[in-house]
Structure formats: C-alpha cells, structure tokens
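Heads up, the thing below is written out as structure tokens.
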Amino acid sequence: MFDLKFNRASFSAITQLSLPIALSMASSVLIALVDTAMIAPLGELELAAAGLTATVVMLFYSTLYGFISIANVRMASAQGAGDDPALNRALNIGCLMGLWVGTAGALIMGIGFLALPWLGQPAEVVGISLPYYLGIALSLIPFMIFYTAKGFFDAIDQAWLGLGIGVITLLSNIPLNYLFIHGIGRFEGMGLVGAAIATHLSYYIGIAVTLYLLRRRLAYPGGTTGADILAMIKESIPVSVGFAGEALAFVAVGLMVGLFGAAAIAANQIANAIGTVMYMVPLGVSIAISILAGQAMGRGDPDQARSLTLHAVVLSAGWMCVCAVLLSLSASTLAHLFGPSDSVIALATGLLIAFAAMQIGDGIQSAALGGLRGMGDTRYPVLVTLLCYGFIGVPAAWILGFYTTLGVIGLWIGYGIGLFLVGAILCRRVLKTPSSSPAASFDS
C-alpha cells in the first residue's frame, strides 16, 4: 500500500475542477427540476407520467454517460501528455460516437415503452405518457452530442467555460418550458408534450454554442473513420456496463415504486428531482477525479492518481453528509412546495429523508469509481457493481418494500445498502492495488 497523506493542495485541485463541473451538471438536472415544478400544476397523473419517464430515461442517461466519460478520459490523457493533435482527434471521435450511440439509445428506449404495462405500471399513467416518453427518448441524441463536446472544456481545465454553456442551456429551458407547457397569450401550450419539446430546444441551443466555440478543433486534418468510432465504443463498453448496472438497479427500484400507484410515482419524482440536484457535487467530483487521474496517468504518475482519488472520496462523502442533514430538516417544506396532493406530499416527505441517507453511500462510490475509471481500472468496478446491486441492493429493496411496513421508503433503503457496499469495496480496491503497477493493468 502506498503512503497516503491528505493535504490541502489535493483537495484544492479537486475542488477547483469539480466545482464548475458540478455547477454545469446541476444546470442540466435543474432542467428536470424545472420540468417537475411546471408539470406539477397539471395534476397528479401528469406528474406521475413525468416520473415514470424519468425513471426509465435514467437507465439510458447513466449507460450513455459511460461513453461520454471515456471520451473525456481520452481528452484528459492527451491534455496531460501535451499532445494537441490527439486531443482534437479524441474530441472529433467522441462527438461522432455520441451521435451513433445516442441514436441507438433513443431507438431502444422508444421500443422499451411497450414493456411498461407488462412491468405492472399503472395503466392510467402509461396511457398519458407516450408522447412525452417518446420526446424524451429522442432527446438522448442531443444529450450525447452536447455532453461529449462540452466535456472538452473540462479536460483542458476550462471547466468554467463549460459551466457558462450549461447555464445558457438552463436559462433557455425555463422560458421554453413555460411557453410550451402552459402557453403564452393565444398560444395555449401543449402540456406534457411541451416539456419534451422545451428539453430538445434547450439542448440544441447548448450544442450550437459549444460547436461554435470548438469549430476549429472539429476541423482537424486527418478525418475520422468508422473504425475510430467503433474502437472508442469498444473501449467504453465496460464502463457503460458498470454505469448500466447501477442504473438498472435504480430503475428496477423505480418500477417497484410504480406498483404502489400513481401517487407513489409522483412522490418519487419529487424526491428524485431534488435529490439528483444535490448529487451533482459528487458527480462533479467523480468527473473531475477521472480527468485528474487521467492526466496523472498521462504523466506516468499512478501514485498521484490514487492519492487524488482518495481525497475525492473524502470530499464527496463530506458533502453528502451535509446534504443529508439539510434535506432531512427541509423534507416537509420541499414536499409541500412541489406536491399536487396531500397523499403525494406525505409520501414525498418520507422519500426525501430516505434519499438523504442513501446518497452518502452514492457519494462514496461515485468518487471511487471516477478515480478508478481515470486510472484505466474498468472491469473490476463493473463486476462489483453488477454483483452488489443485482444480488444485494435490489433484493434488499424488494424485501424491505414489500415484506415490511416501510413500503415505498423501504425500497430506497434497500437500494442504499447496495450503494454503501459498492463504495466500501471500491475504496478498498484503490487502497490495496500495488502502486508500482500501471493502472491499465488492473483489469487482469
């Protein structure tokens, strides 16, 4: 085991990079929170439809983000090595990969709608979800292109510029949401469908700004072949499977919530939308540490990559502990702010408290996973993720949800058990791996 000494410089480096990334990511999930706030007045069923769609799309966001993260790591490694042509090449390949993979994700999610009735989801919710669901599925294409291209700024230590682009995207979404959901003047609005249209338009505005700033980088000599794109896809698959493993467990629990009825889905949407905003700091730390670890590996310094990873775990867990206290104290107020009915408010209050505790484990595992990803250690975390969620987290959720008096809250407590276990195992991985071994060989 290498000799770890915590220091302010490492915490500062992680904070300086993760803060703008976290704020940028928060701008994206605030779009979902804005959707929740503006859809809630339409009624309990409409909010439940948005919640059901959000549960399913989370699987695709997470899985597809595995591809984005590898593009970011490639760019970060090229930046660390001072190889500008390789940096431009990684950007171009990543953007085209995003188009390919985003299109495939949109098709798969669209077809997946047919399975919702067979998964026990309330018929009245499924019945009004289709147009919104398909609109959100199609938004996976601009989602992939936007976040792959925007990740370039994070990789070259210009994350504040990426934040600015994210803020532009968010600010454009707010008036677009209001216009297309509720209407202005003679334009009556389109309800749920309008929310999906607003999401699309805001992503395209963000893409236009990003591609304009990167126009010279995207015109590098040499071109990009299909083989280049397929090679990056192949490299991304293990990471994406790991993301998918966690997301699949999350979606499984979300679909279990649907078995408790429309009010439960609506309450879950409120808790999920608010909890996700708070999770953006650990996600920002995870992205930042994958970049910093990738840069350290590009310099040939695996010990620094591992030290930074452990600093990131402490930083991420500390943030989520603070959030857990704040969210627990404000749960009732937040539930009343978003809840369209008394039954939804009561359920949302309990779910927000459960989310508060659960996300401490999420903060630990996401930081450890980000560091290992930046060091090239991808297969082992995937195995841990699949086993812990598949054989512990989801079964625990089922037992606590349906065989105790905890009900919907028990579902998320069980899922949280899986999160803490994954975090503990991945932290041990970071601590126990021989420091003399190159990170890329960890997979063996």
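None of the figures in this text is laboratory data; all of them are computed from the coordinates on show. Everything numeric here is computed off the predicted structure, so don't read it as measured data. Glycine also receives a Cβ, built like all others from the backbone with ideal geometry; neighbour counts cover every protein chain displayed.
Just a few scattered comments:
- Dipole magnitude for the chain: about 760 debye, using +1 per Lys or Arg Cβ and -1 per Asp or Glu Cβ, origin at the Cα centre.
- Burial ordering of 161, 192, fewest other beta-carbon atoms within 10 Å first: 161, 192
- Cβ-derived FRET efficiency at R0 41 Å, residue 301 paired with residue 404, nearest 0.05: 0.25
- Per-residue ellipticity at 222 nm from helix content only, as computed over the chain with -39500 (n - 2.57) for each DSSP H run of at least four residues, stands at -29000 deg cm²/dmol.
- Simple spin-label estimate for residue 432 and residue 342 in nanometres, 7 Å along Cα-Cβ: 5.4 nm
- A dipole drawn for the chain from +1 and -1 charges on Cβ atoms has a positive end, and of 247, 261, 408 the residue lying farthest that way is 247.
- Fraction of alpha-carbon pairs over 18 Å apart in the stretch 1-129 - percent: 71 percent
- Three-way shape call for the stretch 116-263 based on the alpha-carbon gyration tensor, with the a/c threshold at 1.5: oblate
- Between residue 190 and 181, 182, 183, the built amide H atoms are under 5 Å apart, and every one of these is 5 or more places off in sequence or on another chain.
- Nearest 10 degrees, 0 to 90: helix 159-182 Cα axis against the chain principal axis: 20 degrees
- Computed over the Cα atoms of the stretch 201-349, pair by distinct pair, the Kirkwood hydrodynamic radius stands at 19.5 angstrom.
- Leading residue at positive end of dipole, the stretch 8-441 (Cβ point charges), from 278, 298, 106: 298
- By average C-beta atoms within 10 angstrom, highest first, the peptides 390-398, 274-282, 147-155: 147-155, 274-282, 390-398
- Only Cα sites of the chain enter the Debye sum here, all with the same form factor; the resulting log10 I(q)/I(0) across q = 0.07, 0.08 1/Å is -0.32, -0.42, listed in q order.
- Positive minus negative residues near residue 265 (Lys, Arg vs Asp, Glu; Cβ under 13 Å): -3
- Three-way shape call for the stretch 82-199 based on the alpha-carbon gyration tensor, with the a/c threshold at 1.5: oblate
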